[in-house]
1. List the residues whose amide H sits under 5 Å from the amide H of Glu148, counting only those 5 or more places along or on another chain, with H placed 1.01 Å from N in the peptide plane.
2. Cross-link candidates for Lys379: which lysines have Cα within less than 19 Å, leaving aside residues fewer than 8 places away along the same chain?
3. Treating the beta-carbon of each Lys and Arg as +1 and of each Asp and Glu as -1, no other charges, what is the dipole magnitude of the chain about its Cα centre, to the nearest 20 debye?
4. Cut-off 16 Å, label point 7 angstrom out along Cα-to-Cβ of Arg315: give me the residues of the stretch 368-411 whose amide nitrogen falls inside.
5. Which listed residue (Pro91, Ala342, Ser67) has the Cα farthest towards the positive end of the charge dipole for the chain, taking +1 on Lys and Arg C-beta and -1 on Asp and Glu C-beta about the Cα centre?
6. HN-Hα J couplings of the stretch 288-299 from phi, Karplus 6.51/-1.76/1.60, θ = phi - 60°, integer Hz, Gly and Pro as x?
7. Would you mind classifying the chain by shape? Square roots of the alpha carbon gyration tensor eigenvalues, ordered a ≥ b ≥ c; an a/c under 1.5 is rounded, otherwise it is prolate if a/b is larger than b/c and oblate if not.
8. Cα centroid distance between the stretch 319-339 and the stretch 214-252, in Å?
Amino acid sequence: MNTEKRRRTTMFTKTILLFVTMTFVVIGLARQKDQGGSVQAFKASFLQAYAQYESEINSIFEEEPYSSIMDKGRFRRIAEAGKKYLVPFGPQVLPYLIVLSQENLWLVKSVPDIRGWYVGVVPAISKFQPHNIILSRIPKKLLSTTEEFPEIVEKYLSYHPMRVYLLWWLEGGQRTPQWFSERYVKWLAAKQQGNVQEVQAMYQRLLDIGIAAIPLWFEKLQSEQDQNIRQEIIKALSYLTDGEVKLNMSPQDCLNWWQANKERWTVPFPKSKREFLEWLEREGWEEPRLSIPCVITISRLEDEGAIDALLRFLRHPSSSVREISLGQIMLLFGEQLPREYALGVGTDEWERVGDLMEIGKYDWVRKRVMKAKKQIEDKTVADKIAKELSDWWKENKGRVKIYWQRAWENL
C-alpha cells in the first residue's frame, strides 16, 4: 500500500514538474514572439517615417534641381526634416541610419548649424561629433584625419563622414571609455589651473563624445564630491538627453531617472564586426528597402566574411542587388579576378576614381562594370557567375589582396 502511494505521489510530482516546465517554455516562446514582433513593428514604423523624410528631402532638392549650391535655408530645412521624422526614434534606430547613410550622404552631410560645422540625423541622435585634423595643405597632397580615428587618412581637407560614422558604429563601444577618460582628466586639470578657454574647449570635447558616454557621466556623478563639478555633469546630461535630465534635479533624482530610462538611451553598438555583418546580411535579404545599402555597407567592413556575404548576394532575387554586389566585388579585387570579371586596368596600383582618371582608365572601368552588371540581370546567368566567383574565392581566399578603399568609390 505504501509502495502504491509513493508511486502515485511520484507520478503526480512528475506531472506537475512537466506542466510547470511546459508553461515556462510557452511563456518564453511567447515573449520571444512578442519581442520579435516589436522589433518588426519598430522597423516598419521607422521605414515609413524614412520614406516621408526622403520625400521631403527630394522636394527640397527639386526646388533647384540644376544648382550645385545649397543655401543655409535649405540646409536648415533638411536638418529640420531629420529632426521631425527620424530623431524621435532615438538611439535604437542608429543601425538603420548608419546603413542608409552609406547610400545617402545627406544623412551625415556637413551643414551650417549653430553648434558648429554640421548637423544630420546620425549626429543629431548620437551627438557624436568627430574633430577634423588637417595633416597637409599642399596642393595635390591634401591630407586630413580625425582626432578620434587617426588611422583613417583622407586625401581631402575634411574627413569622410560616412566612413567615420561607420567606424564609430563598429568601434565606438570600445573607444568611448578611453575618449571620455582622457578628456575628463584634461577638463579637471584645466579647471584646477584656471584656464577658462581650455576648460570650455575640453568640456565641449566631452560633450562631443555623445550619448554613448552617458553611463560614464553617471559614474562620475556618483563619485565626484565637488558640488560645482556635479552641476556641470548634470548640465552635460541635460544636453545629451535633450532636457529629460533637468538642471534642477538632485544627483539622486538623476540616478533614479537613469535606472528608469537607461535602456532607451543606451546606444545599441554591435558586440563585434561579425555580429553586425550577420545582421546586415539578414536585413539585406529580408527587407527590400535595406538590401542595396546593406550590400554597400558589407563591402566596406574590411572583413573576409564580407566577401562570402557579397557572393551570396549574387543570387539575390533582385537584379539591382545582384548588380551592386558584383560591382563591389570587381572593385575590391580588380585584376586578380578571372579575366571576364577583371576591370582590365592593367594594374591594381590605384585606390580612387581620381587615380583612374589620371591614367585615363575611368571610362573603361565604368563600361566594364556596367557590362558585367547587365549580364547579371538574367537570373540564370547570375547563378553561373555566382558559382564561378565562389569557386574562385575558395581557391584564392587568403592569397589575394582585397582593396578595401575602393569600396568607397562610386563609378
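Bear in mind that the values in this text are calculations on the coordinates, not laboratory data. Here the structure is a predicted model, which means the values were calculated and not measured. When we count neighbours, we look across all protein chains shown, and the Cβ atoms used for this are built from the backbone with ideal geometry, even at glycine.
1. The answer is His131.
2. Partners found: Lys371, Lys387.
3. The calculated dipole for the chain is roughly 1020 debye.
4. Label zone hits: 379-394.
5. So the residue we want is Pro91.
6. After applying 6.51 cos²θ - 1.76 cosθ + 1.60, I find x, 5, 9, 4, 5, x, 5, 4, 4, 5, 4, 5 Hz.
7. oblate
8. 50 Å
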